[in-house]
Amino acid sequence: MHYQDRLRVGAAQINATLGDVDANLSQHLDTIREACALGIELLVFPELSLTGYGLGSRVMQVAMPLEDPRLRELALACQEMQTVVGFVEEASPGEYYNALAILQDGEIAAVHRKLNLPTYGGLEEGKWFTHGSQLTNTPVRPGWSATQLICADLWNPALVHAALLSRPTVLCAPINSASGIVSDDFSNEQNWALNVRFYAMTYGTPVIMANRFGPENGSHFWGGSRILGPRGELLAEAEDGEMLITAEMSRTAIARARFELPTHRDADTPLVRELMAGYR
């Protein structure tokens, strides 16, 4: 199989209208058309991009089963471009997940359910959602694959390590980060930049981080969406406002970074499993 060396990727920094799936769907379709015209092959929207974040008990009203025709409409619009969209998944009556639909070629290629539900500071996800229990990894193009983690998933280092053991070439990181939502002393703006740069550099894995920009229920989502290369270098960064940012990734650059810092090779999973066996 011939592997392509370059991959054009994008992050959609938008602001969802809380609880209005149809309005958000229209915005997604516009952005998807723009991305397709630019030749983007992997596009990432923010966490819960179809619904907004502070849903509370309205989770039930905006939830969608995978058979929902609106997801089908999005999948068809994506054509060959793999697109990561945030939504509330109804798995069964009364069972809801903060989830990602990974869309490509007119289908839902995979679903990632958020693993780490934050319930601290101004965050209450543990009250409304069921936590996921599986990792995802999807082929994008020959020689390219992506794993997806949602927001607080990336603040559990063991989850990130486990997700990257499958050697994806790209880490997709849709987030919903508002200024001061954890505490007055915890800077989401500074700490998210540190978080994703650390993982990109340590694992030689480019990161596409898509955050929202704009207001919701008194909170301000600060944006800062970015695309990082395999050494943690900044390939693209969004300014304040709603916008689509793009970058080109190199498989050769990933190979060189991983060869020089062989984190995957030296992970020693059997030893890590043995050391963790005594903890519950």
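The values are calculated or read from the model by the stated rules, or taken from the named source; none is laboratory data. This structure is a prediction, so every number in the text was calculated from the model and none was measured. All Cβ positions, glycine included, derive from the backbone under ideal geometry; neighbour counts span all protein chains shown. With ligands, DNA and RNA removed, areas are computed over all heavy atoms of the protein, side chains included. Shrake-Rupley method; radii C 1.70, N 1.55, O 1.52, S 1.80 Å.
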- [ ] Over the chain, with every protein chain in place, what whole percent of the accessible area is carbon and sulfur at 1.4 Å, could you tell me?
- [x] 51 percent
Open item on the list: For the ranges 203-215, 223-235, 253-265, 14-26, what's the packing order if you count other beta-carbon atoms within 10 Å of each residue, average per peptide, and put the highest first?
Closed with: 203-215, 223-235, 14-26, 253-265
Task: Sum of -39500 (n - 2.57) over DSSP H runs of 4+, divided by residues of the chain (222 nm, nearest 500) - done: -8000 deg cm²/dmol
- [ ] In debye, nearest 20, what is the charge dipole magnitude of the chain about its Cα centre with +1 on Lys and Arg Cβ and -1 on Asp and Glu Cβ, if you could check?
- [x] 860 debye
Task: Normalised convex hull volume, the chain, alpha-carbon set, Å³ per residue - done: 134 Å³
Task: Net charge contributed by nearby residues that have their C-beta within less than 14 Å of I245 (K/R +1, D/E -1) - done: -3
- [ ] Please report how far the C-alpha centroid of segment 105-169 lies from that of segment 212-256, rounded to the nearest whole angstrom.
- [x] 18 Å
Open item on the list: Out of the chymotrypsin sites (Phe, Trp or Tyr not before Pro) in segment 80-174, which ones are loop residues according to DSSP with at most 12 other C-beta atoms within 10 Å?
Closed with: Y120
Task: Selected from T169, A75, Q134, residue furthest toward positive end of dipole (segment 6-278; charges at beta carbon) - done: T169
Open item on the list: So for segment 134-260, averaging the separation of alpha carbon pairs under 8 Å that are six or more residues apart and normalising by length, what relative contact order in percent results?
Closed with: 19 percent
- [ ] May I ask you to compute the full-extension gain from A162 to E124, defined as 0.36 nm times their residue separation minus their alpha-carbon distance, rounded to one decimal in nm?
- [x] 11.2 nm
